[in-house]
Amino acid sequence: MSPLFPALAAGSTRPALQFGDQALSHAELATVAGSLAARIAGAPRVAVWATPTLGTAVGVVAALLAGVPVVPVNPKTGERELTHIVTDSSPALVLAEHGVELPPILAGLPRLDTDVDHITDAAGVPGGAGPAAPLPAEPSPEAPALIVYTSGTTGPPKGVVLPRRAVAATLDALEDAWQWTEADVLVHALPLFHVHGLILGILGPLRRGGSVRHLGRFGTDGVARELSSGATMLFGVPTMYHRIAEALAGDPALAKALTGARLLVSGSAALPVHDHERIAAATGRRVIERYGMTETLMNTSVRADGEPRAGTVGVPLAGVELRLVDETGAAIAAYDGETVGEIQVRGPNLFTEYLNRPDATAAAFDDGWFRTGDMAIRDPDGYVRIVGRKATDLIKSGGYKIGAGEIENVLLEHPGVREAAVTGEPDEDLGERIVAWIVPAQADAPPSAEELAAHVGAQLASHKRPRTVRYLEALPRNDMGKIMKRALRG
Ligand code: MCA
Ligand code: AMP
């Protein structure tokens, strides 16, 4: 396989990465990441403490150059989830910025610094300025590149093993769909431990030989500043576009900046038509949606040269086969804009397996097609419209996928909780908000919402904390004793 990052290999002097006042060209990145890679090479697997910083990008690129599979870790993950991820993926090394305090389970591992000033080259020179040691040859296309953890309906998150071939295939399909070139300058503020922010948002510009400016933290001011000073593309989750839509009326500079952008792309959850239309009205620009999943990377997109129709995720990307399947398992041939089926996909963009979970891997496929669990219809011209999801126990909040079962298990361990159920409720800002339904152990002394959120946050990722807690005397159950979640309404 050709290198994942041709511009690094070619030593391009164009800008590559910018985080605040720290920046690297492709050539500089090749040097520092190459130096770090030389020290990682040969490790079976590494973890990266994925803060939204330059060091994270350097660490991930170094691991990829070294041909070592990399596990990005959410730095806001609680103890139980982190223990699961580290035990399951057993990294040999952890990459983190110098001085960052790591939790005990990671602090016990050998550690390498990822910030430029602390990376030493083969000659031991800080900054990696000297000649880098030769790197291993490009691994096979099927070699794992990244292992990204994603929530299921029950149980702890599963490690999705993404081969180099999937990363290359998805980024090249997006090059085609979005006419993405080395002249593009992307701006975003997405977290760097998921596919959207890391693979699309960092590795995408690097593969194109273009550049990315990361905001560190999302804010409409940062978006406006970058789009009015050379950035051409914006990636965000619908919550970010909702916040932009809210701000537009009182912020002409933001409207002007968006008007000048080449491409505004939304993904990870459905962009409400209302926000789409508000942005179009204020800027004359239409946000385009793409649809993906950790396991599949990107499946469909509205094309840059296509019609940006609100409420659709566009057409299958080059190389991706997509079909809708009814509840009997039969493929739906109709492109009638009304027959609903589950989206199944096949193509070079797919993962290889869930780490250590052959059972779950086998169950995820139907005769070679990956079952997404997303329900959709197809317009007569092939545009896909996602209309829902098979599993009611999966919540999408702020673009994060969250399993209800995992939160319920943690809530049930709180001494003040007798019964617990977790649901997602519509939320203007987050799409869905996590709601915990609690039967307290003592009716006259229920644990407070803050206490329960802190309890969940200590064990799981911070975005899994319930935003609302409702107290009941009993949970609604059917004759079999199963909780009837559909009967739980605010
Ligand atoms: C949150 N907060 C809470 C609670 N929940 N405090 C108390 N109780 C709670 N229950 C805190 C937050 O931690 C934060 O605190 C503060 O409230 C305000 O948060 P804010 O910065 O406004 O952000 P947010 O509301 O927490 O999050 C909005 C967001 C975020 C920035 C849009 O959800 C986000 O980054 N989403 C991106 C998700 C993503 O990248 N998904 C991709 C996966 P503090 O300030 O202390 O932190 S999907 C994927 O990869 C597939 C392939 C795809 O298709 O893309
Ligand atoms: P994750 O597993 O966190 O990668 O989330 C993948 C899920 O996000 C998909 O299965 C969809 O349910 C959802 N998703 C991603 N992009 C979109 C989109 N543009 N519109 C609707 N849902 C989306």
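So which chymotrypsin sites (Phe, Trp or Tyr not before Pro) in segment 184-235 are both in a DSSP loop and have at most 14 other Cβ atoms within 10 Å of their Cβ?
Values: sites: PHE193, PHE218, PHE235; in loops: PHE193, PHE218.
Passing sites in segment 184-235 do not exist.
With θ set to phi - 60° and the Karplus curve 6.51 cos²θ - 1.76 cosθ + 1.60, what are the ³J(HN,Hα) couplings of segment 472-482 in order, to the nearest whole Hz, using x for Gly and Pro?
10, 7, 7, 8, x, 10, 8, 4, 7, x, 7
To one decimal place, what orientation-averaged projected area in nm² is obtained for the convex hull of the Cα set of segment 426-490? Write out the running numbers ahead of the final one.
Values: hull surface 21.8 nm².
Quarter of the Cα hull surface area: 5.5 nm².
Return the long-range amide H neighbours of ARG111 (sequence gap of 5 or more, or a different chain), with a cut-off of under 5 Å between placed amide H atoms.
VAL94
For the chain, would you read off the P(r) tail past 32 Å as a percentage of all alpha carbon pairs?
Counting pairs separated by more than 32 Å, the tail of P(r) holds 42 percent.
In Å and from the alpha-carbon atoms only, list the Rg and Dmax of segment 1-60.
Considering segment 1-60 through its Cα atoms, Rg and Dmax are 12.0, 35 Å.
Report the dimensions of segment 158-297 along its three principal axes from the alpha-carbon atoms, largest first, rounded to Å.
Reported extents, whole Å, longest axis first: 45, 30, 26.
Across segment 379-470, what fraction of all alpha-carbon pairs, as a whole percent, falls in each successive 10 Å bin from zero upward?
Over segment 379-470, the share of Cα pairs per 10 Å bin runs 16, 47, 23, 8, 4, 1 percent.
For segment 145-239, what is the Kirkwood hydrodynamic radius in Å, using each pair of distinct C-alpha atoms?
About 14.3 Å, per the Kirkwood formula over Cα pairs.
Divide by every residue of the chain the summed helix terms, -39500 (n - 2.57) for each DSSP H run of at least 4, and state the resulting mean residue ellipticity at 222 nm, rounded to the nearest 500 deg cm²/dmol.
Per the formula, -8000 deg cm²/dmol.
Near the amide H of THR300, under 5 Å away, which other amide H atoms are found, from residues 5 or more places off or on another chain, if H is placed in the peptide plane?
Those lying under 5 Å, H to H, from THR300 are TYR291, LEU317.
Which whole number of Å³ per residue matches the convex hull of the alpha-carbon atoms in segment 217-312?
For segment 217-312, the hull spanned by Cα atoms encloses 95 Å³ per residue.
Please work out the Cα convex hull volume for segment 335-490 and give it in Å³ per residue.
170 Å³
Just the number please: accessible area per residue for segment 31-88, 1.4 Å probe, all protein chains included, in Å².
On a per-residue basis, 26 Å².
Rounded to the nearest 0.05, what FRET efficiency do TYR335 and GLN442 have when you use their Cβ-Cβ distance and R0 = 56 Å? Mind dumping the intermediate values first?
Numbers: r = 57 Å, r/R0 = 1.02.
The pair TYR335/GLN442 has a calculated efficiency of 0.45.
Measure off, as a whole percent, the carbon and sulfur share of the 1.4 Å-probe accessible area of segment 1-122, all protein chains present.
Within segment 1-122, the accessible surface is 54 percent carbon and sulfur.
On average, how much accessible surface per residue is there in segment 331-490, in Å², for a 1.4 Å probe, leaving out ligands, DNA and RNA? Before the final figure, lay out the partial values.
On the way: 7700 Å² over 160 residues.
Result: 48 Å² per residue.
At a temperature of 25 °C and a viscosity of 0.890 mPa s, determine how fast segment 46-169 diffuses translationally according to Stokes-Einstein, using the Kirkwood radius over alpha-carbon pairs as Rh; express D in µm²/s, rounded to the nearest whole number.
In µm²/s, the coefficient rounds to 160.
Note down the relative contact order for segment 40-126 as a percent, whole number, built from C-alpha pairs under 8 angstrom at least six residues apart.
Taking the mean separation of contacting Cα pairs over the length of segment 40-126, I get 32 percent.
Can you give the FRET efficiency to the nearest 0.05 for ALA10 and VAL387, using r as the Cβ-Cβ distance and R₀ = 41 Å?
After rounding, the FRET efficiency stands at 0.35.
Once you have the Cα-Cα distance between ASP366 and GLU101, take 0.36 nm times their residue separation minus that, and quote the gain in nm to one decimal.
Here the answer is 91.0 nm.
How many angstrom lie between the C-alpha centres of segment 317-358 and segment 407-456?
34 Å
I need to check one value: relative contact order of the chain, counting alpha carbon pairs closer than 8 Å and at least 6 residues apart, in percent. Intermediate values should be presented prior to the final figure.
Details: 1133 pairs, mean separation 61.0, N = 490.
Taking the mean separation of contacting Cα pairs over the length of the chain, I get 12 percent.
Report in % the part of the accessible area of segment 341-452 that belongs to carbon and sulfur, leaving out ligands and nucleic acids; probe 1.4 Å.
Carbon-and-sulfur percentage of accessible area, whole number: 50.
Counting only residues 5 or more places away or on other chains, whose amide H sits under 5 Å from the amide H of ASP427 once H atoms are built in the peptide plane?
GLU432, ARG433
The values are calculated or read from the model by the stated rules, or taken from the named source; none is laboratory data. Model, not experiment: these values are computed from the prediction. Quick reminder, even Gly has a Cβ in these numbers, built from the backbone with ideal geometry, and neighbours come from all protein chains shown. Just the protein is used for accessible areas: all its heavy atoms, side chains included, with ligands, DNA and RNA removed. Shrake-Rupley method; radii C 1.70, N 1.55, O 1.52, S 1.80 Å.
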